[in-house]
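Enquirer: One structure coming up, written as structure tokens, with questions to follow.
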Amino acid sequence: MGDLGPRYEARLLAEVRRDLDALEPVVTGGRMGKHEAVSVGRIGGPAAARRLTATLDGENWEEVVVATALLEPTQTTRNAPPEPRGPWAVMERSLWGRYAVTEDIQTAESLVFALARVGGMRSMMWLTVDLDPLPIAHTPQRAASALRAIALLCARGFSLPDGGGVVIESGLRSVHGIVRSAAAYALTRCLATSGELFAEEAVHSRVRDRVVGLLSGPEPDEVRTAWKALAKLGDLPMTIPSGILGPVPPPWRVEVEAVRAMAGDEEGRAELYRRLETFGLSGLDGPRAHVLLVALRGLRADTSGRLDTLMAAVASAWPLAKGRRRRALAWARCELLFRRAFEERTPQMLESCATDPEVSALHVAKLVVDASLAIGRATKGKRGLDTLLALAADARPAVAAFALATLAEVDDARANPTLRAALEGVDVGRIAAAAGAVAARSKDAAKRDENAAEVLVRLIPRLVDPGSVEAKVAVVDALADLITPSGVDGGMPRNVGVEAEHVVELLGGLAVDPVHAVRVAARRALLFDAPATTRFDLRAQQRPAAAFPAVDVSEVLASNARGLKVHTTAGSFSISFAGAQAPINQANLVRLATGGAFAGTPWHRVVPGFVTQGGDPRGDGYGGPGYLVPCEWSNLKYVRGTVGMAHAGKDTAGSQFFIAHTAQPHLDGRYTVVGFVDDGMDVVDSLLVGDRIERVEVATAP
């Protein structure tokens with residue numbers, strides 16, 4: 001928690017109040033220390049950027065540089081990542097000037113991470129030039145850090161410049177594993193924004209061959225990343241390793257990515273069918289259950305094979321199985337039934353899965369929603385949509401939210417009135433899901449519902465409860481997508497049945513909303529109108545310091561908790577708080593655990609190889625404790641076992657937390673790290689959707 005005492009308490013108060021001026025008394029002799037700098041970075045904003053930029057000229061700049069990566073640059077264009085301007089451009093140049101002359105590896109890594117988080121296209125170009133020629137430009141550690149920074153810039157939406165593809169290709173040829181892994185990771189992130197650089201047949205072939213070569217590497221993480229890169233490239237090796245769905249498999253996290261890659265390729269799917277027909281059901285009481293389920297999900301809408309042998313094996317083993325094996329087989333049975341429901345165009349067939357207590361009724365409904373959407377796509381709306389529309393009006397809020405979200409893709413005239421009806425309701429999950437669908441549909445003139453604008457305008461003043469923040473952000477985004485003209489840098493708003501001036505005034509009023517994520521969404525919505533954006537920024541400067549009334553600083557200061565022990569239906573695991581600088585979020589988890597808030601809540605989100613997420617009392621991802629806590633971002637990395645706080649935008653954390661299965665660099669510096677699983681990661685690996693938290697114990701310091 002840093003240095004305790006009055007200075008520590010003052011920093012906590014400043015962070016809770018989001019008040020930069022409150023930090024002045026703890027800055028000694030005009031010299032900002034690393035702890036104060038971190039608080040400045042967490043509070044954020046242009047003023048924070050100016051203060052931290054000034055520290056880069058000081059004698060202790062190495063101590064404070066990491067805080068610059070915690071800032072969120074101001075959005076400059078609605079549909080593009082923020083290009084640094086004003087104080088952000090000054091900071092970007094200062095960081096680069098330091099990076100160019102710094103030889104210390106650790107300091108250089110902090111600098112390049114900051115460039116990846118607050119820089120823009122200039123940083124992308126500078127890094128590309130700096131890495132060419134890669135084999136001799138840097139030490140392996142520095143080259144790997146720079147490649148990861150390029151990956152983060154791509155993840156933020158920036159494109160590789162000319163020469164960027166060559167740099168990644170050179171990294172894939174490196175003799176150093178750390179560089180090869182970083183280059184493969186950069187490839188997975190940059191193909192989405194810069195795929196044209198790898199589209200030419202000769203380049204594509206060379207890159208594919210290099211990535212295939214990584215599959216025989218000794219490091220599982222390198223092999224896993226290589227499979228992810230192949231999936232993005234749309235290629236597979238000539239021969240799939242025999243261990244994939246075989247009797248002697250690689251680590252499950254590697255096998256999962258291999259199966260995902262195979263499911264995305266026509267020949268790969270054919271091979272998946274062959275291997276699943278001979279797949280043994282042993283070992284399904286552990287994390288390998290994920291491999292089977294991911295394979296079956298990848299084949300949901302493919303009718304080129306029936307998996308008769310596997311169906312028979314599951315049908316005979318499922319009734320007699322017990323414990324974790326029973327749960328895995330129950331989910332496998334549902335996935336196999338999904339295929340039958342799709343083939344026979346009857347989504348209701350999946351309702352029989354609810355007869356098994358190992359599969360929650362909520363997630364059976366989600367399967368029915370998914371099947372209805374898949375059938376609707378396959379039949380061009382002739383089948384399945386009636387079921388989907390009925391579920392969108394289901395009395396169960398979580399079920400309705402699942403269905404409403406899928407209406408974004410439906411080409412049916414009944415979708416728009418169904419979404420408007422949900423927006424008129426009171427459930428925040430339904431509202432958030434419906435608003436998201438309205439926003440997605442607004443991008444297609446044939447699906448856009450201009451009648452929704454009036455409903456959205458009425459909704460915004462109504463959503464004032466802290467638990468409605470995600471819904472409010474979604475509503476603002478939906479309204480923005482409806483009114484935004486085709487040219488987002490200027491022009492009149494679309495005529496959507498409400499006065500444009502009224503919409504601009506309504507959004508401008510959110511400049512003083514107490515929630516940061518709402519202010520960001522409202523400003524982003526106004527970016528097409530430069531005068532309105534300027535007025536918004538001026539008004540925001542008058543905003544009183546935001547506060548988090550549910551956060552009791554004295555409670556945080558008094559806490560002696562050193563971690564949590566989480567008891568689940570799959571077993572127990574421990575979370576250590578040691579090394580994680582997040583006292584407010586840690587104290588919040590302790591408060592919730594002590595009050596029994598987690599007891600009985602499900603693990604509602606499991607993405608094998610990525611994260612397992614829980615702590616939502618609703619069980620659908622839209623729930624929380626009814627209050628917000630601030631984000632406490634840091635430079636800690638998301639590696640396997642890192643525990644982070646979920647949020648719907650900066651400073652909207654609550655009770656939901658997640659555990660990373662593998663390294664996830666794109667989460668670094670943007671999700672609060674509250675701790676690390678120090679015992680029982682095998683239990684985390686084996687958790688399936690619908691498993692529950694039985695209770696959470698607090699471990700205190702002796």
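Enquirer: Which ones in region 175-209 are polar (S, T, N, Q) and crowded, with 20+ Cβ neighbours inside 10 Å?
Expert: Passing the criteria: SER181, THR188, SER194.
Enquirer: Could you check region 322-341 and list, in sequence order, the residues that are touching a residue at least 60 places away in the same chain (Cβ under 8 Å), open to solvent by less than 20 Å² (accessible area, probe 1.4 Å) and not aromatic (Phe, Trp, Tyr)?
Expert: ALA328
Enquirer: Pick out the one residue from ALA54, ALA37, ALA80 that is within 26 Å of SER123 (Cα to Cα) and crowded, with 19+ Cβ neighbours inside 10 Å.
Expert: The unique qualifying residue is ALA37.
Enquirer: So, one more: Go through region 219-243 residue by residue and tally those that are β-branched (Val, Ile, Thr), crowded, with 21+ Cβ neighbours inside 10 Å and either free of Cβ contacts under 8 Å to residues at least 24 places away in the same chain or within 19 Å of GLU201 (Cβ to Cβ) (or both).
Expert: Summing the residues that are β-branched (Val, Ile, Thr), crowded, with 21+ Cβ neighbours inside 10 Å and either free of Cβ contacts under 8 Å to residues at least 24 places away in the same chain or within 19 Å of GLU201 (Cβ to Cβ) (or both) in region 219-243 gives 0.
Enquirer: Residues of region 562-586 being touching a Ser or Thr at 6+ places or on another chain (Cβ under 8 Å), surrounded by fewer than 23 Cβ atoms within 10 Å (Cβ to Cβ) and closer than 17 Å to SER655 by Cα, which ones?
Expert: Within region 562-586, LYS565, PRO583 qualify.
Enquirer: Just one of ARG275, ARG340 is in a helix (DSSP H, G or I) and within 30 Å of GLN664 (Cβ to Cβ); which is it?
Expert: ARG275
Enquirer: Say whether the condition of being open to solvent by less than 40 Å² (accessible area, probe 1.4 Å) and assigned to a helix (DSSP H, G or I) is met by at least one residue in region 442-450.
Expert: Filtering region 442-450 for residues open to solvent by less than 40 Å² (accessible area, probe 1.4 Å) gives 442, 447, 449.
Imposing the further condition that a residue be assigned to a helix (DSSP H, G or I) reduces the set to none.
For region 442-450, residues open to solvent by less than 40 Å² (accessible area, probe 1.4 Å) and assigned to a helix (DSSP H, G or I): absent.
Enquirer: Does any residue in region 499-514 that is on the phi < 0 side of the Ramachandran plot come within less than 9 Å, Cβ to Cβ, of a residue that is at pLDDT 90 or above and aromatic (Phe, Trp, Tyr) six or more places away or on a different chain, and which pairs are these?
Expert: Sorted first by the residue in region 499-514, then by its partner, the pairs are LEU507/PHE536; GLY508/PHE536; LEU510/PHE536; ALA511/PHE536.
Enquirer: Taking ALA395, is it touching a helix residue (DSSP H, G or I) at 6+ places or on another chain (Cβ under 7 Å), under 30 Å from LEU688 (Cα atoms) and without any contact (Cβ under 8 Å) to a residue 12 or more places away in the chain?
Expert: Against the criterion (touching a helix residue (DSSP H, G or I) at 6+ places or on another chain (Cβ under 7 Å), under 30 Å from LEU688 (Cα atoms) and without any contact (Cβ under 8 Å) to a residue 12 or more places away in the chain), ALA395 does not qualify.
Enquirer: A further question on this structure: Which residues, counting only those in region 665-678, are within 13 Å of GLN613 (Cβ to Cβ) and open to solvent by 20 Å² or more (accessible area, probe 1.4 Å)?
Expert: Listed by number, the list holds a single entry, TYR671.
Enquirer: Would you check if there is a residue in region 102-114 being under 30 Å from LEU557 (Cα atoms) and open to solvent by 60 Å² or more (accessible area, probe 1.4 Å)?
Expert: no
Enquirer: Same structure, new question: Looking only at residues that are touching a residue at least 60 places away in the same chain (Cβ under 8 Å) and in a helix (DSSP H, G or I) in region 355-370, which one is least open to solvent (accessible area, probe 1.4 Å)?
Expert: Ranking the qualifying residues of region 355-370, first place goes to HIS363.
Enquirer: Output the number of residues of region 98-141 satisfying the condition of being assigned to a loop (DSSP other than H, G, I, E, B), in contact with a Pro (Cβ under 6 Å, 6 or more places away or on another chain) and among the β-branched types (Val, Ile, Thr).
Expert: Keep residues of region 98-141 that are assigned to a loop (DSSP other than H, G, I, E, B), which gives 102-104, 119-120, 131-133, 138-139.
Retained after the next criterion (residues that are in contact with a Pro (Cβ under 6 Å, 6 or more places away or on another chain)): 120.
Filter again for among the β-branched types (Val, Ile, Thr), leaving none.
The number of residues fulfilling the criteria is 0.
Enquirer: Here is a check on your reading of the model: is LEU95 closer than 22 Å to CYS190 by Cα and either open to solvent by 10 Å² or more (accessible area, probe 1.4 Å) or in a helix (DSSP H, G or I) (or both)?
Expert: Taking the combined requirement at face value, the residue does not satisfy it.
Enquirer: Only one residue in ALA599, ALA593 is touching a strand residue (DSSP E or B) at 6+ places or on another chain (Cβ under 8 Å), more than 30 Å from THR188 (Cα to Cα) and open to solvent by 30 Å² or more (accessible area, probe 1.4 Å). Which one?
Expert: Result: ALA599 is the single residue among ALA599, ALA593 that is touching a strand residue (DSSP E or B) at 6+ places or on another chain (Cβ under 8 Å), more than 30 Å from THR188 (Cα to Cα) and open to solvent by 30 Å² or more (accessible area, probe 1.4 Å).
Enquirer: Can you report the number of residues in region 298-320 which are out of contact with any helix residue (DSSP H, G or I) (no Cβ under 6 Å at 6 or more places or on another chain), surrounded by fewer than 16 Cβ atoms within 10 Å (Cβ to Cβ) and part of a helix (DSSP H, G or I)?
Expert: Residues flagged as out of contact with any helix residue (DSSP H, G or I) (no Cβ under 6 Å at 6 or more places or on another chain), surrounded by fewer than 16 Cβ atoms within 10 Å (Cβ to Cβ) and part of a helix (DSSP H, G or I) within region 298-320 amount to 6.
The values are calculated or read from the model by the stated rules, or taken from the named source; none is laboratory data. A quick note: this is a predicted structure, and the numbers were derived from the prediction, not measured. When we count neighbours, we look across all protein chains shown, and the Cβ atoms used for this are built from the backbone with ideal geometry, even at glycine. These area figures cover heavy atoms from the full protein model, side chains too; ligands, DNA and RNA do not enter into them. Shrake-Rupley method; radii C 1.70, N 1.55, O 1.52, S 1.80 Å.
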